[in-house]
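Take a look at the structure set out below.
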Amino acid sequence: MTTKAGPDPIDARLLVALARDPRASAIALAAQTGVSRNTVQARLNKWDQSGALLAFDRRVNPAFLGYPMRAFIRARLKQRLLSQVSDALAEIPEVVEVLGLSGGADLLIQVVARDADDLYRIAGQILSIRGVRRTNTSLVMRELVDHRLIQLLGG
(Lines give C-alpha, C1' and ligand atoms only; values in the text may rest on other atoms or scores of the structure.)
Protein backbone atom coordinates (compact mmCIF):
# COMPACT_ATOMS: atom_id res chain seq x y z
CA MET A 1 0.00 0.00 0.00
CA THR A 2 1.17 3.55 0.74
CA THR A 3 4.69 4.13 2.01
CA LYS A 4 6.55 7.27 2.97
CA ALA A 5 7.81 7.34 -0.63
CA GLY A 6 4.24 7.96 -1.80
CA PRO A 7 1.30 6.03 -3.16
CA ASP A 8 1.78 2.99 -5.36
CA PRO A 9 0.11 3.02 -8.82
CA ILE A 10 -3.12 1.45 -7.51
CA ASP A 11 -3.26 3.95 -4.63
CA ALA A 12 -2.71 6.78 -7.09
CA ARG A 13 -5.56 5.64 -9.37
CA LEU A 14 -7.89 5.25 -6.40
CA LEU A 15 -6.93 8.60 -4.89
CA VAL A 16 -7.44 10.43 -8.20
CA ALA A 17 -10.88 8.82 -8.58
CA LEU A 18 -11.71 9.70 -4.97
CA ALA A 19 -10.53 13.30 -5.43
CA ARG A 20 -12.75 13.66 -8.49
CA ASP A 21 -15.77 12.16 -6.70
CA PRO A 22 -15.35 12.14 -2.90
CA ARG A 23 -18.77 10.54 -2.41
CA ALA A 24 -18.11 7.60 -4.75
CA SER A 25 -18.88 4.16 -3.36
CA ALA A 26 -16.29 1.40 -3.23
CA ILE A 27 -18.14 -0.31 -6.11
CA ALA A 28 -17.99 2.87 -8.22
CA LEU A 29 -14.30 3.39 -7.42
CA ALA A 30 -13.59 -0.23 -8.36
CA ALA A 31 -15.37 0.22 -11.69
CA GLN A 32 -13.55 3.50 -12.45
CA THR A 33 -10.10 2.15 -11.62
CA GLY A 34 -10.28 -1.50 -12.65
CA VAL A 35 -9.48 -2.65 -9.12
CA SER A 36 -11.57 -5.20 -7.18
CA ARG A 37 -14.12 -3.86 -4.72
CA ASN A 38 -12.41 -5.76 -1.88
CA THR A 39 -9.07 -4.11 -2.70
CA VAL A 40 -10.74 -0.70 -2.84
CA GLN A 41 -12.47 -1.26 0.50
CA ALA A 42 -9.30 -2.56 2.16
CA ARG A 43 -7.31 0.48 1.04
CA LEU A 44 -10.05 2.92 2.07
CA ASN A 45 -10.16 1.28 5.51
CA LYS A 46 -6.39 1.44 5.88
CA TRP A 47 -6.31 5.11 4.81
CA ASP A 48 -9.10 5.93 7.27
CA GLN A 49 -7.28 4.20 10.14
CA SER A 50 -3.92 5.77 9.31
CA GLY A 51 -5.30 9.31 9.01
CA ALA A 52 -4.38 9.54 5.32
CA LEU A 53 -7.95 10.58 4.46
CA LEU A 54 -9.19 13.78 6.04
CA ALA A 55 -12.78 14.15 7.22
CA PHE A 56 -15.24 14.58 4.36
CA ASP A 57 -17.84 17.28 4.33
CA ARG A 58 -19.65 19.18 1.64
CA ARG A 59 -18.18 22.66 1.61
CA VAL A 60 -20.75 25.40 2.08
CA ASN A 61 -20.05 28.78 0.54
CA PRO A 62 -20.00 31.25 3.47
CA ALA A 63 -21.71 33.83 1.23
CA PHE A 64 -24.77 31.55 1.17
CA LEU A 65 -24.87 31.88 4.97
CA GLY A 66 -24.66 35.67 4.79
CA TYR A 67 -20.86 36.00 5.09
CA PRO A 68 -19.62 37.23 1.69
CA MET A 69 -16.33 38.66 3.01
CA ARG A 70 -13.33 36.48 3.71
CA ALA A 71 -10.08 37.66 5.27
CA PHE A 72 -6.85 36.32 6.67
CA ILE A 73 -5.59 37.77 9.92
CA ARG A 74 -1.96 37.23 10.81
CA ALA A 75 -1.39 37.41 14.56
CA ARG A 76 1.68 37.79 16.74
CA LEU A 77 1.32 36.16 20.15
CA LYS A 78 2.85 35.91 23.54
CA GLN A 79 4.10 32.36 22.94
CA ARG A 80 3.33 30.82 26.29
CA LEU A 81 -0.35 31.76 25.89
CA LEU A 82 -0.82 29.87 22.60
CA SER A 83 -3.28 27.31 23.98
CA GLN A 84 -5.44 30.00 25.64
CA VAL A 85 -5.43 32.05 22.42
CA SER A 86 -6.39 28.95 20.42
CA ASP A 87 -9.25 28.20 22.81
CA ALA A 88 -10.51 31.79 22.58
CA LEU A 89 -10.34 31.77 18.78
CA ALA A 90 -12.37 28.55 18.69
CA GLU A 91 -15.16 30.44 20.50
CA ILE A 92 -15.50 33.05 17.72
CA PRO A 93 -18.03 31.69 15.18
CA GLU A 94 -16.61 33.67 12.28
CA VAL A 95 -13.17 32.08 12.70
CA VAL A 96 -13.20 29.22 10.20
CA GLU A 97 -9.55 28.09 10.32
CA VAL A 98 -6.42 28.75 12.39
CA LEU A 99 -2.92 27.67 11.35
CA GLY A 100 0.25 27.91 13.43
CA LEU A 101 3.11 29.50 11.47
CA SER A 102 6.82 30.06 11.63
CA GLY A 103 8.30 33.36 10.54
CA GLY A 104 6.86 36.84 10.93
CA ALA A 105 3.48 35.79 12.31
CA ASP A 106 2.54 33.10 14.81
CA LEU A 107 -0.98 32.38 13.55
CA LEU A 108 -2.86 32.66 10.27
CA ILE A 109 -6.55 33.04 11.07
CA GLN A 110 -9.15 32.74 8.33
CA VAL A 111 -12.37 34.58 9.10
CA VAL A 112 -15.63 35.32 7.31
CA ALA A 113 -17.69 38.48 7.78
CA ARG A 114 -20.99 40.00 6.73
CA ASP A 115 -19.42 43.34 5.72
CA ALA A 116 -16.53 45.70 6.53
CA ASP A 117 -18.03 46.74 9.88
CA ASP A 118 -18.47 43.10 10.86
CA LEU A 119 -14.85 42.36 9.88
CA TYR A 120 -13.73 45.32 12.00
CA ARG A 121 -15.64 43.87 14.97
CA ILE A 122 -14.16 40.38 14.46
CA ALA A 123 -10.61 41.72 14.08
CA GLY A 124 -11.08 43.75 17.27
CA GLN A 125 -12.39 40.71 19.09
CA ILE A 126 -9.29 38.76 18.05
CA LEU A 127 -6.96 41.59 19.03
CA SER A 128 -8.60 41.78 22.47
CA ILE A 129 -7.75 38.14 23.27
CA ARG A 130 -5.22 37.94 26.09
CA GLY A 131 -1.91 36.91 24.52
CA VAL A 132 -2.52 38.44 21.08
CA ARG A 133 0.05 41.20 20.66
CA ARG A 134 -0.54 42.43 17.12
CA THR A 135 -2.68 41.57 14.08
CA ASN A 136 -2.58 42.36 10.39
CA THR A 137 -5.65 41.79 8.23
CA SER A 138 -5.78 41.04 4.50
CA LEU A 139 -9.04 40.77 2.53
CA VAL A 140 -9.51 37.95 0.07
CA MET A 141 -10.34 39.70 -3.18
CA ARG A 142 -10.62 36.62 -5.40
CA GLU A 143 -9.87 32.90 -5.19
CA LEU A 144 -7.49 32.13 -8.02
CA VAL A 145 -6.61 28.47 -7.35
CA ASP A 146 -8.98 26.37 -5.25
CA HIS A 147 -7.58 23.90 -2.71
CA ARG A 148 -6.31 20.92 -4.68
CA LEU A 149 -4.10 17.85 -4.40
CA ILE A 150 -5.03 15.80 -7.45
CA GLN A 151 -2.11 17.24 -9.44
CA LEU A 152 0.30 15.62 -6.96
CA LEU A 153 -0.98 12.23 -8.08
CA GLY A 154 -0.48 12.96 -11.77
CA GLY A 155 -4.26 13.14 -12.26
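For a quick check: with amide H placed at 1.01 Å from N, whose amide H comes under 5 Å from Leu77's, ignoring anything fewer than 5 positions away on the same chain?
For Leu77, the qualifying residues are Asp106, Arg133.
Please report the carbon-and-sulfur percent of the accessible area for region 8-155; probe 1.4 Å, protein heavy atoms only, DNA, RNA and ligands left out.
Numbers: 5300 of 9980 Å².
It is 53 percent, rounded to a whole number.
Output wanted: per-residue J couplings in Hz (rounded whole) for region 103-113, from phi through Karplus 6.51 cos²θ - 1.76 cosθ + 1.60, θ = phi - 60°, x for Gly and Pro.
Those phi angles translate into x, x, 10, 8, 10, 10, 10, 8, 10, 10, 8 Hz.
Residue by residue through region 46-51, what is 3J(HN,Hα) from phi via Karplus (6.51 cos²θ - 1.76 cosθ + 1.60, θ = phi - 60°)? Round to whole Hz and write x for glycine and proline.
With coefficients 6.51, -1.76 and 1.60, one gets 5, 5, 4, 5, 7, x Hz.
Suppose R0 equals 41 Å; then what is the FRET efficiency for Val140 and Asn38 from their Cβ-Cβ distance, rounded to the nearest 0.05?
Details: r = 44 Å, r/R0 = 1.07.
The pair Val140/Asn38 has a calculated efficiency of 0.40.
Kindly report the accessible area of the chain per residue (heavy atoms of protein chains, probe 1.4 Å, no ligands, DNA or RNA), in Å².
Numbers: 10600 Å² over 155 residues.
On a per-residue basis, 68 Å².
Calculate, in whole percent, how much of the Cα-Cα pair population of region 67-152 lies beyond 22 Å.
Details: 980 of 3655 pairs.
Tail of P(r) above 22 Å: 27 percent of Cα pairs.
The values are calculated or read from the model by the stated rules, or taken from the named source; none is laboratory data. Worth saying up front: this structure is predicted, and the values here are computed from it rather than measured. Note that each Cβ is placed from the backbone with ideal geometry, even for glycine, and that neighbours are counted across all protein chains shown. Areas reflect the complete protein model, heavy atoms only, side chains present, ligands, DNA and RNA absent. Shrake-Rupley method; radii C 1.70, N 1.55, O 1.52, S 1.80 Å.
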